[in-house]
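*Asks:* Structure provided below as structure tokens; questions to follow.
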């Protein structure tokens, strides 16, 4: 089945509407679409080494006219960038470091305020230019490196984003938002074991970080660790019941464990939250077929045709396969 990642992705929304922990940290809201072992999906969707599994993160973001979009033509997108990159840093985040308050007011804060504005307007190239200047002027400022990572991530330069997030973490070990975004970048590159480690760090530091729990669960799905995925995603949905990708991934994990009723229930919650969630409707159609619910399967198929005709053709082939 297909699954989704999130913020995610601290990330996946590069800048989701203000959320409490925000942040994806950045991406995963990453909206991940993960392949599952349900019989309707080919095993090759998850083939490879633990750090090289395909499917969930195969559709990488590209930049068009200053906005991050998803490359067309590849069905298994990993993340909806709009959900994985809002930091929600404010002045207090800098002051928490215990740094010189006067220096913050006179120097770093203007950079910080401009970075927030550029993030909110999703001007990633300008944020990159600003962050390069910021890290040059204040190389010991963790927030500067975080925003540099955020810019690189949204420009699909994941290796550079990873380096920047590590620089932020070295300057502030309890930087849970940076840990979450770091995990998102690893996930985009198919380095799922490293992504798990980063997401675990994020939730260890902030146990109520719903986005990180969601992305951790999505990564477990990618690794075939379905029982762990269920535990992480159940926690994610308890903390953030508004994340459709968390519900979709939870449905995927349940389906892999052959728990079809809760899989259907979770996936239906995903489409209630996001009515045009084609991949979730795709999953529902396959689940309805697996459970012999032909009328509901037909309705789900119709929704996929309305939302994504190309995906509907793939679904048709899956449902008619012997």
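Computed from the coordinates by the stated procedures, all read-outs in this text should not be read as laboratory data. Nothing here was measured: the structure is a model prediction, and the numbers come from that model. Here the Cβ positions follow ideal geometry from the backbone for every residue, glycine too, while neighbour counts run over all protein chains shown.
*Asks:* Is it the case, given these coordinates, that residue 188 is touching a strand residue (DSSP E or B) at 6+ places or on another chain (Cβ under 9 Å) and on the phi < 0 side of the Ramachandran plot? Reasoning before the result, please.
*Replies:* On the way: touching a strand residue (DSSP E or B) at 6+ places or on another chain (Cβ under 9 Å): yes; on the phi < 0 side of the Ramachandran plot: yes.
Yes; evaluated as a whole, the condition is true for this residue.
*Asks:* Right, next: Give all pairs with beta carbons closer than 6 Å in which a residue from region 233-255 that is more than 19 Å from residue 288 (Cβ to Cβ) meets a residue that is surrounded by fewer than 24 Cβ atoms within 10 Å (Cβ to Cβ); count only pairs at least 6 apart in sequence or on separate chains.
*Replies:* Between residues of region 233-255 that are more than 19 Å from residue 288 (Cβ to Cβ) and residues that are surrounded by fewer than 24 Cβ atoms within 10 Å (Cβ to Cβ), the close pairs are 239/208; 246/237.
*Asks:* Of everything in region 274-286, what is touching a helix residue (DSSP H, G or I) at 6+ places or on another chain (Cβ under 6 Å) and surrounded by 24 or more Cβ atoms within 10 Å (Cβ to Cβ)? Give them in sequence order. Quick ask: steps written out before the conclusion?
*Replies:* Of region 274-286, the ones touching a helix residue (DSSP H, G or I) at 6+ places or on another chain (Cβ under 6 Å) are 274, 276-278, 280-285.
Residues satisfying the conditions are 277, 280, 281, 282, 283, 284, 285.
*Asks:* Still on this structure, I have one more. Sort out for me the helices (runs of 4 or more DSSP H) sitting completely within region 124-239 that have 2 or more residues that are surrounded by 23 or more Cβ atoms within 10 Å (Cβ to Cβ) and under 19 Å from the mean Cα position of the chain (by Cα). Break it down stepwise before answering.
*Replies:* Values: elements: 124-137, 142-154, 158-171, 176-188, 192-205, 210-222, 226-239.
By residue number, 142-154, 158-171, 176-188, 192-205, 210-222, 226-239.
*Asks:* For the condition under 22 Å from the mean Cα position of the chain (by Cα) and surrounded by fewer than 16 Cβ atoms within 10 Å (Cβ to Cβ), what is the one hit in 316, 265?
*Replies:* On the way: 316 fails: under 22 Å from the mean Cα position of the chain (by Cα).
None of the others qualify; the one that does is 265.
*Asks:* Mind listing whichever residues of region 287-299 are surrounded by fewer than 24 Cβ atoms within 10 Å (Cβ to Cβ) and either in a helix (DSSP H, G or I) or touching a strand residue (DSSP E or B) at 6+ places or on another chain (Cβ under 7 Å) (or both)? Walk me through how you get there before you give the answer.
*Replies:* Residues of region 287-299 that are surrounded by fewer than 24 Cβ atoms within 10 Å (Cβ to Cβ), as a first pass: 288-299.
288, 289, 290, 294, 295, 296, 297, 298, 299 - these are the residues of region 287-299 that are surrounded by fewer than 24 Cβ atoms within 10 Å (Cβ to Cβ) and either in a helix (DSSP H, G or I) or touching a strand residue (DSSP E or B) at 6+ places or on another chain (Cβ under 7 Å) (or both).
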